[in-house]
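In what follows, a structure is listed as structure tokens, so that the remarks can point back to it.
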Amino acid sequence: MNCEELKSSMLRWIGGEIECRSSGEDCLTAVLPLFKPNGDAIEIGIDLGQAPVKLSDLGDTYATLYLAGVDLFEEYVRAAEFKQVISSHRIIDDEDHQELFVETSAEDLAASVFDFAHAIQSILALQLTVQPRHPKRDFASVVAKFLAEQRASFEVPSEHINGRTGKWKFNFILNHVHEETLVKTLTARTKAEALRAAEQSVFEIVDVRYVREVPAVVIADDEGVRREFWEPRVMKVFDGYKVPMYPFVGNRHDLLRLAGRYVAPS
């Protein structure tokens, strides 16, 4: 095999691995043989209906980093690395729409697509530097004990629940008596953790709603000092997306009614 044959073989392979679909008039979405840290392929939106051509990450980068706990709005090392990557690759950061994009010419389109994809890989690698922090309190067990005491019919799902953009963990499924209701339990150690947990749980519940219509609720740990964590700005997160939220201690009356709906007749 000589160099020309090698190049021809590589081009055939890349061409066979790239998926392309139309996403509107003059708009394409390219699924590349380049991957995110979770193993999913990187997708690039291409708007050919304007000059220069616009390449977009389709908002996926911000969403992925947010769910991984990477805060790009804080002045610390990861935010600095993020800014360095977008600057060196001449990426435009549209914070209002949570989108990253670049502009290129039709002649440079192929090279720009792969350069943009490599930049996205570098940015997404920031999530690998985050040490997960999990509250030590096993609040899910507290809720399980409560549901069992109320004789509510429920199960612990063995697998994550499919959403539009990912698979999400729910602690319980109330079932058998009425239509299923998904349950997420939340606990936190600070107000900031409570806000982040609220935003992430709502994101996941709404994501599941795109796939199927199923009721979902949140039960929050408000025992003792934790009661102060679920302040009005946190509650607005649930209210804004019509996600029912039950403080475990503060709204025991409605929580008992919810559990009572799933008690099987004797």
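Condition (residue is charged (D, E, K, R), touching a helix residue (DSSP H, G or I) at 6+ places or on another chain (Cβ under 8 Å) and either in a helix (DSSP H, G or I) or surrounded by 15 or more Cβ atoms within 10 Å (Cβ to Cβ) (or both)) applied to segment 199-210: is it met by at least one residue? The answer is yes; a qualifying residue exists. GLY15 meets all of the listed conditions (1) in contact with a strand residue (DSSP E or B) (Cβ under 6 Å, 6 or more places away or on another chain); (2) free of Cβ contacts under 8 Å to residues at least 60 places away in the same chain but one, namely (1).
Look through ASP96, ASP60, ASP40, ASP26 and report the one residue that is assigned by TED's automatic domain parsing to the domain that holds VAL113, charged (D, E, K, R), out of contact with any strand residue (DSSP E or B) (no Cβ under 6 Å at 6 or more places or on another chain) and surrounded by 16 or more Cβ atoms within 10 Å (Cβ to Cβ).
Exactly one residue qualifies, and that residue is ASP60.
Does LEU195 count as outside the structural domain of VAL70 (by TED's automatic domain parsing), within 24 Å of HIS160 (Cβ to Cβ) and either outside any loop (DSSP other than H, G, I, E, B) or free of Cβ contacts under 8 Å to residues at least 24 places away in the same chain (or both)? Against the criterion (outside the structural domain of VAL70 (by TED's automatic domain parsing), within 24 Å of HIS160 (Cβ to Cβ) and either outside any loop (DSSP other than H, G, I, E, B) or free of Cβ contacts under 8 Å to residues at least 24 places away in the same chain (or both)), LEU195 qualifies. When VAL225, VAL218, VAL183, VAL214 are checked against the criterion of being assigned to a strand (DSSP E or B) and without any contact (Cβ under 8 Å) to a residue 40 or more places away in the chain, a single residue qualifies: VAL218. Taken together, the criteria place LEU58 among residues that are within 23 Å of GLU199 (Cβ to Cβ), in a loop (DSSP other than H, G, I, E, B), of a type outside the set (Val, Ile, Thr) and at pLDDT 85 or above. At pLDDT 90 or above and more than 23 Å from VAL263 (Cα to Cα): does that describe VAL208? Yes; evaluated as a whole, the condition is true for this residue. Taken together, TYR262, TYR246 contain a single residue that is modelled with pLDDT of 95 or more, aromatic (Phe, Trp, Tyr) and either in the same structural domain as ALA41 (by TED's automatic domain parsing) or over 28 Å from ASN38 (Cα atoms) (or both), which is TYR246.
If you go through segment 228-260 and keep only what is assigned to a helix (DSSP H, G or I), among the aliphatic types (A, V, I, L, M) and within 17 Å of ALA198 (Cα to Cα), you end up with VAL234, MET235, VAL237.
Rundown of residues vs (1) within 30 Å of LEU256 (Cβ to Cβ); (2) modelled with pLDDT of 90 or more, yes/no style:
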residue: ILE91; (1), (2): no, yes
residue: VAL130; (1), (2): no, no
residue: HIS134; (1), (2): yes, no
residue: GLU180; (1), (2): yes, yes
residue: THR187; (1), (2): yes, yes
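Would you confirm whether or not segment 4-17 contains a residue that is surrounded by 14 or more Cβ atoms within 10 Å (Cβ to Cβ), in the same structural domain as ILE120 (by TED's automatic domain parsing) and of a type in the set (Val, Ile, Thr)? Checked against the condition, which is being surrounded by 14 or more Cβ atoms within 10 Å (Cβ to Cβ), in the same structural domain as ILE120 (by TED's automatic domain parsing) and of a type in the set (Val, Ile, Thr), segment 4-17 yields no hits at all.
The values are calculated or read from the model by the stated rules, or taken from the named source; none is laboratory data. Remember, predicted model here, so these are calculated numbers, not experimental data. All Cβ positions, even for glycine, are placed from backbone atoms using ideal geometry, and neighbour counts span all protein chains on display.
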